[in-house]
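Notes follow the structure.
The values are calculated or read from the model by the stated rules, or taken from the named source; none is laboratory data. This structure is a prediction, so every number in the text was calculated from the model and none was measured. Neighbour counts are summed over all protein chains in view; Cβ atoms, including those assigned to glycine, are modelled from backbone coordinates with ideal geometry.
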Amino acid sequence: MKRLLLALLGLLLVSIQARAAENAASSWVENEAGKVRLVAATTATGKAASIHLGLHFQLLPGWKIYWRTPGDAGYPPKIDWTGSKNFGQATVFWPAPKRFVLAGLQNHGYAGEVVLPVDAALPQPHKAVTVKAGLDYLACSQICVPMQASLSLTLPAGPAQPSEFAHLISRYAALVPGPGDRHGLGVDTVEAVGLGDESVLRVTLSAQQPFDHPDLFVEPAETANFDAPKLRLSADRTQAVLEAKVVPGTLTRALLDAPLTITVVDGDRSLESAVTPVAGTAAAPVLDDGGSPVWAMLGIALLGGLILNLMPCVLPVLSIKVLGALGHGGAELRHIRAAFLASAFGIVTSFLALAVLAIAVKSAGAAVGWGIQFQQPWFLAAMIALLLGFALNLWGAFEIRLPSALMNVGGGVAHHTLLGHFLSGAFATLLATPCSAPFLGTAVGFALARGPGEIGAIFAALGLGMAGPYLLVAAWPKAAQALPKPGAWMVRVRQVMGLALAGTALWLGMILGTQLGLLGDADGAPAKGAVAWQVFDQKSLEDQVAAGKVVLVDVTADWCITCKVNKAAVIDRDPVAGLLKGGAVVPMRADWTNPDDTIARYLASFGRYGIPFNAVYGPKAPKGIALPELLSTDDILAAIRQAGG
């Protein structure tokens, strides 16, 4: 008896759920193009003053229906709510469309499955609602067929529970274009170029994450029809220029100052914005793909890594390199080859570790850049400890003996171990990361704007480039063998090199003290006669450029040695310093010593992820002129003349 009661109760629950599902959806109406029905997000009306519905289309392969602005031909679904009860104003929302070409015509619409979300007011909340929808829509394949469907559903009064269709409706509601902020998309400029049938609408976009292949839809159709836009992407794919030409014979008014609505669709991302075009200059050449091929960037990365050996950041570890080379004088060739291969492997391994860290940080949504580990006090503390340990070791305060299993095949003292050479290579890489070098910034910017595969490949190429000299010696070990044999003179060399490492530790200690607030502002108040730098602010920058001023932006950090070289060799010397102090050029500095997302985003807007970085702005260059990593007086003066006109 008890089992019978439980079974009856189960059947009752199933019946109630089935009835609720029936209430939340109309019957399917099928035709040769597919089928359609009306669904509701709740099983009853509840206490809300409105309900959420959806027109659910399932189209057969090859068939399409149209968006609210269909393009060159067709018409969108039309709904007649006559006969509905307790049903007020209804608003239909349109998920982002796709572009189709049919018989040479540009059409906008949907294929496969789509739900058009509908929000409807209830004149009498708490009461039941009957919805009747007379649907008229055009479905096209090789031919176009007008379709009609009569749909009906009733939601009873009572508590509103989510129906089985709630998630389906919400999923398509999330695809309705709106402000681009939620997807990290923005409209920079909208320009009208040309006249009459030669008119072109040019839209410049920016994105926090790289674009895939954005498309542009322009409304209202009463103004003009537009061809599919031509696309030009920046090298890091975070900026896009879309140029849509007017279809000849469709323009009814000039695009300049015409109120338009643009919809941008890039995969699952989209935005919709009301815009008014301004006058644009003659169109620049349009590229199908502004990004550089990966193979070309791999070559640039190899060259950047090689040049990194000559940058100031690597000088502190020159002692380790020099001692490593001197220690091989007169050694066996196989020992020399193995040692230099181990150092090269340490360099490449460190770059791959940095790649893994960059991928993890980027996946977590945090700012990522070259050398940003120097913004972390724990990393500085670890580097200080390592530098002091190396210095004390060179001064003879202690010796580290490693297990025999880790010794080189030729045996020898501690610095002749394979692990020791590996660690010296890895250490050199870590100390090199505050530096940017020619070609390195381009390669890193390309990698960090892409996926894990590209990041890993570019960083591996950077590592191979920096390891190039080691690999060269490994290929021709007689070059190291010809060096003088180690002797008593090496003691004095070790002492001098230890001082270099201790000095580097002291420098990092001052940076750590600044970050922890123990030493105050590293820059402090400007000395008498020095350049008085303004603190970087994007709004202030735009305002000063709009006022006709020329601005030099300097992104720097206490841990960036190349930044200090640029300052001492170029920025703080005449004639550049004279322009900055005299007011002819406004100096603006962004201090990236500590993490700052605003500065990281600013760098990313130029496709840069490391410093030094400098840019010149002015009336003729409102978007800025990026300067090379290693500054020269001629580069800055030329950019100032170009920006100021």
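Only one of the numbered conditions (1) part of a loop (DSSP other than H, G, I, E, B); (2) aliphatic (A, V, I, L, M); (3) surrounded by 21 or more Cβ atoms within 10 Å (Cβ to Cβ); (4) at pLDDT 85 or above is not met by Ala615, and that is (1). Among the residues that make up the stretch 565-572, is at least one of them under 29 Å from Leu233 (Cα atoms), small (Gly, Ala, Ser) and assigned by TED's automatic domain parsing to the domain that holds Ile625? Within the stretch 565-572 (the criterion being under 29 Å from Leu233 (Cα atoms), small (Gly, Ala, Ser) and assigned by TED's automatic domain parsing to the domain that holds Ile625), the answer is no, since none of the residues qualifies. State which residue is nearest to Gly134 (Cα to Cα) when the search covers only the stretch 53-74 and only residues that are at pLDDT below 95 and in contact with a Leu (Cβ under 6 Å, 6 or more places away or on another chain). That would be Gly74.
Taking the stretch 105-148 as the range and being touching a residue at least 60 places away in the same chain (Cβ under 8 Å), over 30 Å from Gln161 (Cα atoms) and of a type outside the set (Gly, Ala, Ser) as the test, the residues that pass are Gln106, His108, Tyr137, Leu138, Cys140, Gln142, Cys144, Val145, Met147. Residue pairs whose Cβ atoms lie under 6 Å apart, sitting 6 or more positions apart in sequence or on different chains, and linking a residue in the stretch 193-220 that is among the hydroxyl-bearing types (Ser, Thr, Tyr) to a partner that is assigned to a strand (DSSP E or B) and surrounded by 21 or more Cβ atoms within 10 Å (Cβ to Cβ), are Ser199/Val246; Thr204/Val241; Ser206/Gln239.
Counting only helices (runs of 4 or more DSSP H) that sit wholly inside the stretch 522-599, those with at least 1 residues that are closer than 15 Å to Gly610 by Cα and modelled with pLDDT under 90 are 561-566.
Selection over the stretch 110-153 of residues that are under 15 Å from Leu55 (Cα atoms), of a type outside the set (A, V, I, L, M) and assigned to a strand (DSSP E or B) gives a count of 11.
Listed here are the residues, each with its yes/no results for (1) closer than 21 Å to Thr238 by Cβ; (2) not assigned by TED's automatic domain parsing to the domain that holds Thr238.
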position: Leu138; (1), (2): no, yes
position: Ser141; (1), (2): no, yes
position: Pro146; (1), (2): no, yes
position: Val190; (1), (2): yes, no
position: Val193; (1), (2): no, no
position: Asp197; (1), (2): no, no
position: Gln209; (1), (2): yes, no
